[in-house]
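The next block holds one structure in the form of structure tokens; read it before the comments.
Coordinate-derived values only; no laboratory data. All values derive from a computational prediction rather than experimental measurement. We place every Cβ from the backbone using ideal geometry, glycine too, and count neighbours over all the protein chains shown.
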């Protein structure tokens, strides 16, 4: 068995990721496909750019998850802003040619 399997490290979860992904989905669904690129590469770049700016909230237990979700809810406005900025930055500077 591997170290990850031995210590069940795959059970560790960043609670902010789910919130950021949902916010990215919400914002992208409000933008026309003709206005920005929504290819896999661009959306992944948007997600990475946003997540790299948000302090992670890692949990491993149900109690930790509940506590962190309450804390994360207070960060919603910050997450919305960071995701919006990420969408703008990546859509203006995609890593591929604009078509």
Highest mean packing first, using Cβ neighbours within 10 angstrom, the peptides 29-37, 50-58 sort as 50-58, 29-37
Give the distance, in whole Å, between the Cα centre of the stretch 74-99 and the Cα centre of the stretch 42-59. 10
log10 of Debye I(q)/I(0), alpha-carbon scatterers only, for the stretch 24-76 at 0.22 Å⁻¹: -0.89
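How compact is the stretch 9-99 by the rule of thumb for globular proteins, expressed as Cα Rg over 2.2 N^0.38 Å?
1.18
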